[in-house]
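Notes follow once the structure below has been shown.
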Amino acid sequence: MDMFGGAWVNHAERLRDIWLRLIESDDVVFVPGDISWALKLNEALADLAWIDALPGKKVLLRGNHDLWWSSMKKMRGLYDSISFIQNDCVEFDDFVLCGSRGWLCPGDPNFSELTDRKIYDRELLRLEMSLSAGYGCNKRIIAATHYPPVMSDQDTSGFMDLYNKYGVKTAVYGHLHGIKAITAAPEGTICGVDLKLVSLDKLEAAPLKII
C-alpha cells in the first residue's frame, strides 16, 4: 500500500510499532478484511506470519481484496494466534466476535440489481449465520463487516436489520479510504448500533480500543 503515498507511507512499520506498544498477549484484535494482496493462500502466508508474530489473539474477516482467502479447512490451524470468521463466530470469555464481508448496499450509486443483488443477499445470509451462532453463546456480540453496513445517506439496510435482530450494539467496518470517503463515512449511533470505521488510514495505524 506504500505506493499510494500519504497515510500509507511506511504503514506496516508504523502499525507494528504502535501494536507492540499497545497490544498485550491476552488482547484480542479484530481485523475486518483487506489483509493481503496475495492471490493464493500460499502467497499470503508471509503476510499472515507477520500478523501471527505480533502479540495478541487475532480474528480475521475477509475483505474484497482478499482473493487468497481459501476454505476454512485449509486456513484453520495455520497459526495458533489467528482465527478466521466465515459463517460462524469466535467466542471469548466475555464476548463473541461475528461478521461477514458484506457488500454494497442498495441505494449506493454503484449498486446494480443485475450484478450486486445476488451477492448482497448471500452476504446477508452469511452474516445471519455468524450472528445466530454468536447469539447462542449468550454473550455480548461485537460485529464487523468489511464493507460499510449502511450508506451515509440512509439509516437502515439488511445488515443493520440483522444487527438489531440479534441485539448487536457495537459494530465496526473497513473498506473506506481517503479523506473524502472517511469524512462522509457513516459513524456514531445508527439504528441503535454504535458504528465505527476502522480502516488503517482512518486510525492512522493505531488499533482502536472497542471494549
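The values are calculated or read from the model by the stated rules, or taken from the named source; none is laboratory data. All figures in this text were calculated on a predicted structure; none of them were measured in a lab. Cβ atoms come from the backbone with ideal geometry, glycine included; neighbour counts cover every protein chain shown.
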Scan the stretch 3-40 for residues that are under 18 Å from G174 (Cβ atoms) and either in a helix (DSSP H, G or I) or of a type in the set (K, R) (or both) and jot them down.
F4, G6, A7, W8, H11, A12, R14, L15, I18, W19
Within the stretch 161-195, the residues that are over 25 Å from R140 (Cβ atoms) and in contact (Cβ under 8 Å) with a residue 12 or more places away in the chain are L176, H177, G178, I182, A184
If I go through the stretch 112-150 residue by residue, how many of them are in a strand (DSSP E or B) and of a type in the set (A, V, I, L, M)?
4
Scan the stretch 41-57 and give yes if some residue there is under 14 Å from the mean Cα position of the chain (by Cα) and not in a helix (DSSP H, G or I), otherwise no.
no
Filter the stretch 132-157 for residues that are out of contact with any helix residue (DSSP H, G or I) (no Cβ under 7 Å at 6 or more places or on another chain), of a type in the set (G, A, S) and closer than 13 Å to F95 by Cα and give the result.
A133, G134, G136
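Yes or no, residue by residue, for (1) within 30 Å of G5 (Cα to Cα); (2) more than 13 Å from the chain's Cα centre (by Cα); (3) modelled with pLDDT of 95 or more:
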position: G167; (1), (2), (3): no, yes, yes
position: T170; (1), (2), (3): no, no, yes
position: I179; (1), (2), (3): yes, yes, no
position: A184; (1), (2), (3): yes, yes, no
position: L195; (1), (2), (3): yes, no, yes
position: I211; (1), (2), (3): no, yes, no
Any chance the stretch 42-58 includes a residue that's surrounded by 14 or more Cβ atoms within 10 Å (Cβ to Cβ), touching a residue at least 60 places away in the same chain (Cβ under 8 Å) and basic (K, R)?
no
So if I check each of L131, L127, which one is over 21 Å from P186 (Cα atoms) and either out of contact with any Leu (no Cβ under 9 Å at 6 or more places or on another chain) or surrounded by 13 or more Cβ atoms within 10 Å (Cβ to Cβ) (or both)?
L131
